[in-house]
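Structure record follows, encoded as structure tokens.
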Amino acid sequence: MLPDSGFTRATYPAAFIPDSYEFYWSASPRNIVRRLLDYRNRFWDKSRRSKAARLGLTPAEVATIASIVEEETAKTDEKPKVARLYLNRLQKGIKLQADPTVKFASGDFSLRRITGKHLAIESPYNTYKISGLPPGPIRVPASSTLDAVLNAPNHNYIYMCAKEDFSGYHNFASDYATHQANARRYQAELNRRGIR
């Protein structure tokens, strides 16, 4: 049913939106999928599809960016800013270099620190190696994160690094020198805490 609706195995996560759904215990898998797809299609109304088109993206590509954003930050107020950073990188032709995609490519979801050996993984999901977006979402993103991508405020940041205070927020930069200084502070704190 998903391939018939235009989804590939890689884009299956873009076919669904987390929410509360009620089904009778006797509902068939086909009817469940049909209803979930119907909900997703209603979410992707004309307005949202127009916003995606203005960004040069399909709904599945918006879901791919949103999935990365959700893995980058749990901070709702930071998601639009992170989304715009990735949109900026895409528009400038800069590799996304998103650590969550490397974690996904590795298959080791317990990773707390991405190192050089992880960056060397050959995978279409390793955005340190590939240009553009990976083949599909790395998780099923929430509707609020999809909207964060579609409504991301303009800024000129193209770099981010987790804050060294471990608050869950990030330091953003528009130039590499500032980013390097941010990264050194964070790496020093990782080392101090013995996180390998």
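For the range 76-131, how many residues meet the condition of being exposed (fewer than 14 other Cβ atoms within 10 Å of the Cβ) and either in a helix (DSSP H, G or I) or in contact with a Gly (Cβ under 8 Å, 6 or more places away or on another chain) (or both)?
Keep residues of the range 76-131 that are exposed (fewer than 14 other Cβ atoms within 10 Å of the Cβ), which gives 76-77, 91-94, 107-110, 112-113, 115-117, 120, 122, 131.
Then keep just the ones that are either in a helix (DSSP H, G or I) or in contact with a Gly (Cβ under 8 Å, 6 or more places away or on another chain) (or both); that gives 76-77, 91-92, 116-117, 131.
Qualifying residue count, the range 76-131: 7.
Condition check: touching a helix residue (DSSP H, G or I) at 6+ places or on another chain (Cβ under 6 Å), buried (at least 17 other Cβ atoms within 10 Å of the Cβ) and not small (G, A, S). Does T145 satisfy that? Step through it out loud before you land on a result.
Numbers: touching a helix residue (DSSP H, G or I) at 6+ places or on another chain (Cβ under 6 Å): yes; buried (at least 17 other Cβ atoms within 10 Å of the Cβ): yes; not small (G, A, S): yes.
The answer is yes for T145.
Take the residues of the range 5-61 that are free of Cβ contacts under 8 Å to residues at least 24 places away in the same chain and of a type in the set (F, W, Y): which is surrounded by the fewest Cβ atoms within 10 Å (Cβ to Cβ)?
If we take residues in the range 5-61 being free of Cβ contacts under 8 Å to residues at least 24 places away in the same chain and of a type in the set (F, W, Y), then W25 is surrounded by the fewest Cβ atoms within 10 Å (Cβ to Cβ).
Can you name the residue in the range 160-196 that is touching a residue at least 40 places away in the same chain (Cβ under 8 Å) and open to solvent by 50 Å² or more (accessible area, probe 1.4 Å) and is also farthest from R49 (Cα to Cα) among such residues? Break it down stepwise before answering.
The initial filter retains those residues of the range 160-196 that are touching a residue at least 40 places away in the same chain (Cβ under 8 Å), namely 160, 168-170, 172, 190, 195-196.
This time we only want the ones that are open to solvent by 50 Å² or more (accessible area, probe 1.4 Å), so: 169, 196.
Details: Y169: 30, R196: 42 Å.
Filtering first and then ranking leaves R196.
Could you figure out which of (1) over 14 Å from T145 (Cβ atoms); (2) of a type in the set (V, I, T); (3) under 23 Å from the mean Cα position of the chain (by Cα) isn't true of I32?
Answer for I32: the failing condition is (3).
Can you name every residue in the range 148-159 that is open to solvent by less than 70 Å² (accessible area, probe 1.4 Å) and of a type outside the set (V, I, T)? So that I can check it myself, show each step before the final result.
Kept after step one, since they are open to solvent by less than 70 Å² (accessible area, probe 1.4 Å), are these residues of the range 148-159: 148-150, 152-153, 155, 157-159.
Once the filter is applied, which keeps residues that are open to solvent by less than 70 Å² (accessible area, probe 1.4 Å) and of a type outside the set (V, I, T), the range 148-159 yields A148, L150, A152, P153, H155, Y157, Y159.
Of A60, A53, A15, which residue is farther than 30 Å from Q187 by Cβ, at pLDDT 95 or above and in contact with a Ser or Thr (Cβ under 8 Å, 6 or more places away or on another chain)? Lay out the reasoning, then the answer.
On the way: A53 fails: in contact with a Ser or Thr (Cβ under 8 Å, 6 or more places away or on another chain); A15 fails: at pLDDT 95 or above.
Only one candidate qualifies: A60.
Please determine whether any residue of the range 64-75 is open to solvent by less than 60 Å² (accessible area, probe 1.4 Å), in a helix (DSSP H, G or I) and in contact with a strand residue (DSSP E or B) (Cβ under 9 Å, 6 or more places away or on another chain). First the steps, then the outcome.
Initial filter on the range 64-75 (open to solvent by less than 60 Å² (accessible area, probe 1.4 Å)): 64-70, 72-73.
After this cut, where a residue has to be in a helix (DSSP H, G or I) as well, the list is 64-70, 72.
In the following step, the residues that additionally are in contact with a strand residue (DSSP E or B) (Cβ under 9 Å, 6 or more places away or on another chain) were identified as 72.
Within the range 64-75, one or more residues are open to solvent by less than 60 Å² (accessible area, probe 1.4 Å), in a helix (DSSP H, G or I) and in contact with a strand residue (DSSP E or B) (Cβ under 9 Å, 6 or more places away or on another chain).
May I ask you to list the residues in the range 104-149 that are of a type in the set (K, R) and under 18 Å from K79 (Cβ atoms)?
The first filter runs over the range 104-149 and keeps only residues of a type in the set (K, R), leaving 112-113, 117, 129, 139.
Selection gives R139 alone.
The values are calculated or read from the model by the stated rules, or taken from the named source; none is laboratory data. Small disclaimer: the values here were computed from a predicted structure and weren't measured. In this analysis, Cβ positions are derived from the backbone assuming ideal geometry, glycine residues included, and neighbour counts consider all displayed protein chains. Heavy atoms of the whole protein, side chains included, go into the accessibility calculation; ligands, DNA and RNA do not. Shrake-Rupley method; radii C 1.70, N 1.55, O 1.52, S 1.80 Å.
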